[in-house]
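Single-structure report; data block below.
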Amino acid sequence: MEKTQQNKITFLGSGGGRVVFSSQIRNFGGFVINIGNHQIHFDPGPGALNSLAKNKLSPSKTDIVFVSHSHIDHANDINAIIDAMTMGGVNESKGILISVPSVIKGTKKDYPWLRKTYKNQLKKIYTLKSGDEIEIDNLKFHATKTFHDDPDCIGAVLNYNKISIGYSSDTSFSKILKQEFKGVKILILNVLRPGKDNWDTHLCTDDAIKIIDEVKPELAILYHFGAKMINANPLYEARRVQRATGVRTVAAEDGMTVSLGGML
Ligand SMILES: [Zn+2]
Ligand SMILES: [Zn+2]
């Protein structure tokens, strides 16, 4: 788990929910996957650029940004990241955004997160809905279903060589999720609440157990922690998941890296 490894996941932040958002006891910069020649930044919430610098990752190396939905803790820094990725639009040969209509086009109630200036700096934009699949070089993205209060919200399964990484994004529990992530080697789940504290827009630990037990990835990563989860200690919750499922499970921390080297 060294930062110099080429193929890796770096968690810039691990916070979720309004209380943690406002106190910033955990950061909200999203996570970055370095795989092959690609650097993919998922859900750049506020402070993303600062967290990249802290983790010695350069936004100019990012070529793909994935924004799962229009909530501030996932989409806030989209324009800043695009500007840094394309060097203010000078580097026209790169810059791909994968996101959803609420982020790119806006909704009846609100403007899009993506401002025109930064939209014009991008090389390509993919506007996805769940079930869609796209291929960029040797990377395959499949947009997964979510059950969340932005109806456009998607998760993702990313495939590259032998590796597949699933990301739930924000969602409540549904049996469908077990199907969506079937066969992934690494499963990142946004588990906002501990224990059996289930909610209609997010997962709790007991929900995560049901999904992980069925999917049986090689590694499960709990991510996006609300205040109750942090008070319960995500490390203990991860141990409980591991005991219940037999799947190696870790709790994300700001700055944590997971090597993909052995899996490619
Ligand atoms: Zn969220
Ligand atoms: Zn959300």
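General remarks:
- Within the stretch 88-105, the set of residues being assigned to a loop (DSSP other than H, G, I, E, B) and more than 18 Å from ASN76 (Cβ to Cβ) comprises GLY88, GLY89, VAL90, ASN91, GLU92, SER93, LYS94, GLY95.
- Boolean, ASP197 is crowded, with 23+ Cβ neighbours inside 10 Å and either within 16 Å of the chain's Cα centre (by Cα) or outside any helix (DSSP H, G or I) (or both): no
- So ASN34, is it surrounded by 15 or more Cβ atoms within 10 Å (Cβ to Cβ) and either out of contact with any strand residue (DSSP E or B) (no Cβ under 9 Å at 6 or more places or on another chain) or touching a residue at least 24 places away in the same chain (Cβ under 8 Å) (or both): yes
- Yes/no for LEU158 being in contact (Cβ under 8 Å) with a residue 60 or more places away in the chain, more than 16 Å from ligand 2 (Cβ to nearest atom) and within 16 Å of SER99 (Cα to Cα): yes
- For the stretch 200-216, a residue qualifies if it is closer than 23 Å to HIS69 by Cβ and either assigned to a loop (DSSP other than H, G, I, E, B) or within 16 Å of ligand 1 (Cβ to nearest atom) (or both), and the qualifying residues are ASP200, THR201, HIS202, LEU203, CYS204, ASP207, ALA208.
- Residues that are buried (at least 17 other Cβ atoms within 10 Å of the Cβ) and either modelled with pLDDT under 95 or not in a loop (DSSP other than H, G, I, E, B) (or both) within the stretch 106-118 comprise just one, TYR118.
- For the stretch 137-147, the condition of being within 15 Å of ligand 1 (Cβ to nearest atom), out of contact with any helix residue (DSSP H, G or I) (no Cβ under 6 Å at 6 or more places or on another chain) and not in a loop (DSSP other than H, G, I, E, B) holds for none of the residues.
- Filter result for HIS69 (over 23 Å from PRO234 (Cα atoms) and over 15 Å from the mean Cα position of the chain (by Cα)): no
Rundown of residues vs (1) more than 18 Å from ALA156 (Cβ to Cβ); (2) within 15 Å of ligand 2 (Cβ to nearest atom), yes/no style:
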{"residue": "GLY36", "(1), (2)": "no, no"}
{"residue": "ALA48", "(1), (2)": "no, no"}
{"residue": "LEU57", "(1), (2)": "yes, no"}
{"residue": "LYS61", "(1), (2)": "yes, no"}
{"residue": "SER70", "(1), (2)": "no, yes"}
{"residue": "ALA80", "(1), (2)": "yes, no"}
{"residue": "SER99", "(1), (2)": "no, yes"}
{"residue": "SER102", "(1), (2)": "no, yes"}
{"residue": "LYS108", "(1), (2)": "yes, no"}
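- Every pair of residues 6+ apart whose Cβ atoms lie under 6 Å, when the first sits in the stretch 187-203 and is within 17 Å of ASN233 (Cα to Cα) and within 13 Å of ligand 2 (Cβ to nearest atom) while the second is of a type in the set (Val, Ile, Thr) and in a strand (DSSP E or B): LEU203/VAL191
- Verdict on THR127 being within 16 Å of ligand 1 (Cβ to nearest atom) and either without any contact (Cβ under 8 Å) to a residue 40 or more places away in the chain or charged (D, E, K, R) (or both): no
- Every residue from the stretch 49-85 that is over 18 Å from LEU139 (Cβ atoms), within 16 Å of ligand 1 (Cβ to nearest atom) and touching a helix residue (DSSP H, G or I) at 6+ places or on another chain (Cβ under 6 Å): SER70, ASP73, ALA75, ASP77
The values are calculated or read from the model by the stated rules, or taken from the named source; none is laboratory data. This is a predicted model, so every value here is computed, not measured. Here the Cβ is made from the backbone with ideal geometry for all residues, glycine too, and neighbour counts use every protein chain on show.
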